[in-house]
Amino acid sequence: MSRLKRWLADRWVMGVALLVLGYLTLPIMVVAGLSFNRPSSRLSYDFNEFTLDNWKQPCATSDMCDAVVRSMQIGLIATVVSTLLGTLMAFALVRHSFRGRSGLNGLIFLPMATPELVMGTSLLALFVAAGVPQGFWTIVIAHVMFCVSFVVVTVKARLSGMDRRLEEAAMDLYASEWQTFRRITLPLVLPGIVAAALLAFSLSFDDFIITNFNAGTTVTFPMYVWGASQRGIPPQVNVIGTAMFVIALLLVGATSLRGRRARRAALAVVATPAGKP
Amino acid sequence: MSALAHVPTSAGKPAPPPVRRGRSRLLPYLLLLPGAVWLLVFFAVPLVQLASASLYDPAGSLSTGYAMTWAFGNYPDALQAYWPQFSRSFLYSAIALVLALLMGYPLAYAIAQKAGRWKNLLLVAVVAPMFTSFLVRTLAWKTILSDNGALVGLLRDVHLLGPDGRLLATPIAVVLGLTYNFLPFLVLPLYASLERLDPRLLEAASDLYASPLRAFAKVTLPLSMPGLIAGTLLFFIPATGDYINAELLGTPNEYMIGNVIDSAFLVRLDYPQGAALSFLLMAAILAIVFVYLRRAGTEEVL
């Protein structure tokens with residue numbers, strides 16, 4: 001009896017979980033569906049008629065593609081800068097002792113806990129007070145600012161989980177500091193840095209609130225969608241949304257496959273008796 | 001010092017790095033400098049600037065310039081003018097948080113404890129919504145909740161909605177949108193906590209005649225507290241400051257404080273008021289977080 005009850009309890013939780021997952025995935029399916037839709041009017045959000053036109057001509061509204069390209073440029077620059085700054089900070093935090101550590105931790109943690117609205121408006125207040133014209137570069141500055149903390153946290157997690165004895169072994173075998181870093185430390189930390197960079201890019205590409213306050217007349221993809229939602233959304237927006245989703249999914253699939261293969265390769269190395277190829 | 005560093009420590013802690021004097025002492029500061037300066041100049045200094053903008057003379061304008069008059073009156077004025085939107089922000093995000101907990105806890109529990117080899121796939125499904133644009137996803141809810149959509153039709157047929165009843169442009173739509181958009185932030189930390197939960201503890205509880213409900217209250221819930229606290233904060237902070245859902249799924253009747261701040265800075269160009277509201281929002285959120293952390297940290301939560 002109690003076993004039956006527990007069986008039911010198991011299925012009950014799983015059932016609710018699958019319903020919630022449905023709630024989480026429904027909008028993506030709608031976006032994918034709408035990318036094949038020919039809307040009846042500019043302001044209609046309802047499904048009307050199947051068409052492939054949106055996919056054949058994703059840039060029919062050229063403003064939108066300009067905005068996508070601009071978002072990618074901003075995302076790439078912000079990713080490179082924030083990954084560099086954040087990785088250096090993560091190394092200092094994990095590997096070195098210095099004065100002012102707790103203050104610095106606060107400075108890194110606070111941007112992640114502050115509402116975007118507050119960061120966006122305060123940067124706007126600064127740029128206006130300093131007379132800095134707003135546009136492409138103020139967006140980049142803002143994006144680097146909120147990405148750095150996430151990079152630090154991600155790289156730090158990878159670094160502190162690393163076995164220091166591998167580096168000590170390299171040094172004991174007369175590798176120079178640089179060689180040790182180049183051949184041991186960097187390859188081991190690289191997955192963390194790559195993950196941090198991907199996170200930074202996706203944060204930057206998708207940011208609306210902070211960007212909206214600091215963009216001037218520059219239009220990024222989220223800002224284009226925001227503006228278009230008042231004038232009428234071109235269906236190609238859903239093409240971009242679907243394409244983003246598919247690309248991200250492929251990236252995740254590829255990294256998890258690589259991880260599995262690497263683990264299997266490592267097992268094979270361990271299983272092979274020493275001295276044999 | 002550098003010789004000692006190579007002696008393995010017995011405490012199981014990793015040995016400190018072999019330090020070379022001179023350059024090494026400066027190295028951490030050099031590594032930290034660019035990032036720290038960036039955060040100082042573009043995160044900390046702007047907050048100070050926002051604080052001082054909130055005390056500007058409200059009679060000034062962007063074109064004539066603002067005079068610093070320590071106008072503390074901006075705060076009560078702004079709060080009085082926009083109290084409905086201010087309180088609505090917290091009300092909506094609180095309701096959304098309750099809904100998210102009701103949905104997110106079973107989901108996180110199922111993935112952590114029941115999913116077996118499907119665990120990774122389900123986790124990807126949780127974060128998958130974040131793979132595509134926030135705004136595009138939110139707009140998809142316009143289609144789902146549309147007056148001509150299947151959902152509204154169904155609810156009208158079973159008389160949960162009147163014949164002219166709507167979902168879109170109502171508080172329900174905004175709260176549903178908030179719940180949807182920030183649910184993954186709640187589920188992920190909760191999952192991380194529940195994943196470490198040893199199922200044998202639950203077996204022990206049931207062996208000792210605890211009902212499933214009691215076992216949940218006495219074992220599962222307390223052990224998941226760190227994830228629950230992190231998750232509720234990661235949900236609540238962005239949800240309260242959000243105004244995209246209110247704008248796209250609601251009407252001016254559902255506007256939250258973000259909509260007001262956005263228009264204060266970008267449309268009405270009333271910087272002192274916008275800055276005062278921004279600061280009030282941050283102060284209110286910080287106060288709630290502080291009280292919440294103290295209560296959750298010091299009291300045994302049932």
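Calculate, for residue B:289 and residue A:129, the FRET efficiency according to 1/(1 + (r/R0)^6) with r their C-beta to C-beta distance and R0 35 Å; round to the nearest 0.05.
0.80
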### Query
Given H placed 1.01 Å from N in the peptide plane, which residues other than close sequence neighbours of residue A:37 have an amide H under 5 Å from its amide H?
A:51
### Query
In peptide B:118-127, how many Cβ atoms from other protein chains are near each Cβ within 10 Å, on average?
3
### Task
Quick one: grab the alpha carbon gyration tensor of the range A:77-171, order the square roots of its eigenvalues as a ≥ b ≥ c, and give me rounded if a/c is under 1.5, else prolate or oblate depending on whether a/b is larger than b/c.
prolate
### Dipole in debye (nearest 20) - the protein assembly as shown, about Cα centre, beta carbon charges: Lys, Arg +1; Asp, Glu -1
2460
### Query
How much FRET efficiency would the formula 1/(1 + (r/R0)^6) give for residue A:11 and residue A:260, where r is the Cβ-Cβ distance and R0 is 35 Å, rounded to 0.05?
0.75
#### Entry: Cys residues of chain A counted as unpaired, since no other Cys beta-carbon is under 4.7 Å
A:147
### Message
Sort A:29, A:119 by Cβ crowding within 10 Å, fewest neighbours at the top.
### Response
A:29, A:119
### Query
Which residue fluctuates the most in chain B, going by a Gaussian network model with Cα springs under 10 Å, if the choices are B:163, B:84, B:129?
B:163
### Task
Output the peptides B:134-144, B:97-107 sorted from most to least packed, where packing is the average of other Cβ atoms within 10 Å over each peptide's residues.
B:134-144, B:97-107
### Query
Each residue of the range A:69-83 in order: what ³J(HN,Hα) in whole Hz does its phi give by Karplus 6.51 cos²θ - 1.76 cosθ + 1.60, θ = phi - 60°, with x for Gly and Pro?
4, 5, 4, 5, 4, 4, x, 5, 5, 4, 5, 4, 5, 5, 5
## Note on the structure
Per residue of A:225-232, other chain Cβ atoms within 10 Å number on average 3
## Note on the structure
Longest principal axis of chain A (C-alpha) makes with the long axis of helix A:136-160 (C-alpha) an angle, in degrees to the nearest 10, of 40
### aspartates and glutamates whose Cα lies under 20 Å from that of residue B:119, excluding same-chain neighbours fewer than 8 positions away
A:10, B:195, B:198
### Message
Just to be sure I understand: with springs between alpha-carbon atoms less than 10 Å apart, which residue in A:34, A:186, A:198 has the highest mean-square fluctuation in the Gaussian network model of chain A?
### Response
A:186
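Please average, across the residues of B:106-115, the number of beta carbons from any other chain that are within 10 Å of each residue's own beta carbon, and give a whole number.
If you average over the peptide's residues, the count of other-chain Cβ atoms is 5.
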### Task
Set the Förster radius R0 to 51 Å, insert the Cβ-Cβ distance between residue A:48 and residue A:102 as r into 1/(1 + (r/R0)^6), and round the FRET efficiency to 0.05.
0.30
### Task
Note down the nm distance, to one decimal, between modelled labels 7 Å out along Cα→Cβ at residue A:251 and at residue A:66.
2.6
### Task
For residue B:195 paired with residue B:207, estimate the spin-label separation in nm (one decimal), with each label point 7 Å from Cα along the Cα-to-Cβ line.
2.7
### Task
List A:242, A:121, A:255 from most exposed to least, where exposure is judged by having the fewest other Cβ atoms within 10 Å.
A:255, A:242, A:121
### Query
When the Karplus curve 6.51 cos²θ - 1.76 cosθ + 1.60 is applied with θ = phi - 60°, which whole-Hz ³J(HN,Hα) does each residue of the range B:173-181 get, with x for Gly and Pro?
4, 5, 5, 4, x, 4, 4, 4, 5
#### Entry: Ordering of B:273-279, B:149-155, A:203-209 by packing [mean C-beta count within 10 Å, highest first]
B:273-279, A:203-209, B:149-155
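Coordinate-derived values only; no laboratory data. This one's a predicted model, so the numbers in the text were calculated from it and none came from an experiment. Counting neighbours? That spans all protein chains shown, and the Cβs are built from the backbone with ideal geometry, glycine included.
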